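One structure is given here, and the rest of the page talks about it.
The values are calculated or read from the model by the stated rules, or taken from the named source; none is laboratory data. This is a predicted model, so every value here is computed, not measured. In this analysis, Cβ positions are derived from the backbone assuming ideal geometry, glycine residues included, and neighbour counts consider all displayed protein chains. Note: accessible area is taken over every heavy atom of the protein model, side chains too, but ligands, DNA and RNA are not part of it. Shrake-Rupley method; radii C 1.70, N 1.55, O 1.52, S 1.80 Å.
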Amino acid sequence: MTIRSVVIGSGHYLPEKCLTNADMTKLVDTSDEWIVERTGIRQRHIAAEHETTSYLATKAAEAALDSGGIDPATIDLIVLATATPDYTFPSTATQVQAALGITGGAAFDVQAVCSGFVYAVATADNFIKAGSAKRVLVIGAETFSRILDWTDRATCVLFGDGAGAIVLEAQSGDGSNADRGVLSTHLRSDGRYRDKLYVDGGPSSSMTTGHLRMEGKEVFRHAVANLAETVEESLRRSGLRADEINWFVPHQANRRIIDATAKKLGIDPSRVVITVDLHGNTSAASIPLALSVARQDRRIETGNLVLIEAMGGGFTWGSALIRW
Ligand code: ACO
């Protein structure tokens, strides 16, 4: 018998306020044509003042719990991926725990920027496989609008706010790829690339929050190579082929990165879930947002093989294969 981490619920939340590319042209010198052609982004949601990361995360968590008819009291671990926590401490995960009325188990944040949700899934899966948790709420939530330099057109047009969540439950499987649940995870990082994508502040360096800085071309160049490598490694380790994947749900950073990666891996465009056009890049929230959207509109069905992958600041990158 093998212990598997099976998805038993999913949900998401997006702030009501939405900025279209036309709205962005009023803030910086840009155009709908430039943004769409370079990134595929048409609009992004922006959190209102009261909508902190824990607020968005709690809404997404409630939706995920509701979708599976899950009693919050049965959750024994919350792993929350974010690079935009409410506070330096305590963790955003503990804020969500309190908001959901959960008083048992443990809750903590994971910081791997845009790869955060893949890191959180891998962490939750390992807790479950080790027998340390039975039902884990895995959340990706961000308010990147708070760390953008709204005068920098090269970055402020790219990002948005939002949150998504899944619930993983320990179930027994036979150890084959036919099992439901997380079949494999693969994480990587290389800290030498810190300066390509970072925030120029923090409690211990500047005592400020700082703003996002990025060398876009360099990030693009590394993204396609790193993402293809991690997906190939996940497939190789689990003995699966790219043509067996029902849904490819990549981190939604940029349409061109997604298309180039899918092409390199030989994944048909009709099997790629795209939300970057509507959400922009929501960092750690983008994958659970896309999973929840594709589950709600019935693209992802029980038994489907789903591949998630991401790359972000650090650099960090990683992938996971999940049979839904
Ligand atoms: N509107 C109009 N013009 C702009 C804008 C804008 N919003 N932003 C930059 N430009 C201009 C630049 O000033 C430059 O002008 P110049 O030639 O007069 O100097 C010109 O457009 C080209 O700039 P580049 O930065 O070279 O543009 P590029 O073609 O590389 O596209 C982009 C920029 C879209 C950021 C691209 O590099 C990219 O997609 N990189 C990947 C980065 C990414 O997705 N990061 C997300 C976080 S990491 C992750 O999640 C994987």
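Here are the numbers for the structure shown:
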{"read-out": "Those residues of the stretch 263-280 which are within 14 Å of the ligand (Cβ to nearest atom) and open to solvent by less than 10 Å² (accessible area, probe 1.4 Å), in sequence order", "value": "Thr275, Val276, Gly280"}
{"read-out": "Number of positions in the stretch 284-299 that are crowded, with 24+ Cβ neighbours inside 10 Å and either among the hydrophobic types (A, V, I, L, M, F, W, C) or touching a Pro at 6+ places or on another chain (Cβ under 9 Å) (or both)", "value": "7"}
{"read-out": "Count of the stretch 183-215 residues which are surrounded by 18 or more Cβ atoms within 10 Å (Cβ to Cβ), away from the ligand (no atom under 15 Å from the Cβ) and of a type in the set (Val, Ile, Thr)", "value": "1"}
{"read-out": "Pick from the stretch 216-237, criterion open to solvent by 80 Å² or more (accessible area, probe 1.4 Å) and within 16 Å of the ligand (Cβ to nearest atom), ranking: nearest to Leu305 (Cα to Cα)", "value": "Arg221"}
{"read-out": "Within the stretch 1-91, strands (runs of 3 or more DSSP E) holding 1 or more residues that are under 29 Å from Ala130 (Cβ atoms) and of a type outside the set (A, V, I, L, M)", "value": "2-13"}
